[in-house]
Amino acid sequence: MPRGLAYWLLSASFSASLVSCSLLPITDHTETIDNLPLAQPNGPSRRVVQQIKAIWQGHEEVLMCVLELDNRHIAMAGLSTDGVGLFNLYYDGKTVKLDKSPLLPESVSPELVIKDLQLAYWPLADLQKILPKQWRLVEAGNHRQLYFDNELTVDVAYLQPDALWAKTISLTNHRFHYQLHIKTISYESLPE
């Protein structure tokens with residue numbers, strides 16, 4: 001298969017998993033996870049490399065992400081497993097700037113990747129402060145759970161917890177029927 005075609009197929013199918021919520025019908029009185037606000041950037045300064053495996057409706061795709069985070073910004077680069085750049089995202093707490101490959105479908109939403117990562121890794125209190133009415137986020141054991149109107153919508157299981165950054169997690173979105181398996185490849189503290 002030509003590299004360009006493989007790249008497009010990877011991108012299209014991975015994006016389908018992450019934006020599936022925008023493709024489903026929404027009833028009158030529900031909100032979707034993609035409408036939740038992004039949390040503020042959070043320190044300390046660090047660089048994290050992760051492998052994200054998305055599973056949905058019998059499909060499976062893998063994306064590599066490189067994150068640089070501190071209390072002023074989030075920068076994320078998404079790469080195919082072949083190292084082809086898919087997107088670069090920068091968030092300063094107010095504005096999201098996104099540079100996507102022209103081969104990616106318009107529906108690709110790296111912002112949703114950031115929201116899922118924040119849901120899993122940001123301090124619980126920071127996330128609870130920004131949740132709209134009807135949303136509730138709780139921790140129980142090695143799980144973090146997001147509810148909408150008392151219905152479990154997302155379950156984050158910390159499979160390999162760590163004080164700095166969980167090494168392995170599994171995120172299940174019950175509302176939109178996808179799973180993300182996130183494995184931290186490297187974690188590096190950066191000078192402030």
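The values are calculated or read from the model by the stated rules, or taken from the named source; none is laboratory data. It should be emphasised that the depicted structure is a prediction, and the values quoted were computed from it without experimental measurement. Positions of Cβ are backbone-derived with ideal geometry, glycine not excepted, and every protein chain shown enters the neighbour counts.
So which residues in segment 78-112 are within 19 Å of Lys53 (Cβ to Cβ), among the β-branched types (Val, Ile, Thr) and either assigned to a strand (DSSP E or B) or at pLDDT 90 or above (or both), if there are any at all?
Scanning segment 78-112 gives no hits.
Give the residues of segment 47-61 that are free of Cβ contacts under 8 Å to residues at least 40 places away in the same chain and either of a type in the set (A, V, I, L, M) or not in a loop (DSSP other than H, G, I, E, B) (or both), sorted by residue number.
Across segment 47-61, the qualifying residue is only Glu60.
Return the residue satisfying two criteria in turn: it lies in segment 27-62 and is of a type in the set (Ser, Thr, Tyr) and at pLDDT below 85, and of such residues it is nearest to the chain's Cα centre (by Cα). Break it down into steps so the answer makes sense when it comes.
Residues of segment 27-62 that are of a type in the set (Ser, Thr, Tyr), as a first pass: 27, 30, 32, 45.
From the residues that got through so far, the ones that are at pLDDT below 85 too are 27, 30, 32.
On the way: Thr27: 24, Thr30: 21, Thr32: 15 Å.
Ranking the qualifying residues of segment 27-62, first place goes to Thr32.
Among the residues of segment 134-141, are any without any contact (Cβ under 8 Å) to a residue 40 or more places away in the chain and on the phi > 0 side of the Ramachandran plot? Steps first, please.
Filtering segment 134-141 down to residues without any contact (Cβ under 8 Å) to a residue 40 or more places away in the chain leaves 136-141.
The next check asks that each one be on the phi > 0 side of the Ramachandran plot; those that pass are 141.
Yes, segment 134-141 contains at least one residue that is without any contact (Cβ under 8 Å) to a residue 40 or more places away in the chain and on the phi > 0 side of the Ramachandran plot.
Taking interchain pairs and intrachain pairs at least six residues apart, which have beta carbon atoms under 7 angstrom, with the first residue in segment 80-92 and farther than 16 Å from Leu67 by Cβ and the second hydrophobic (A, V, I, L, M, F, W, C)?
Filtered contacts from segment 80-92: Ser80/Leu10; Ser80/Leu86; Thr81/Val62; Thr81/Met64.
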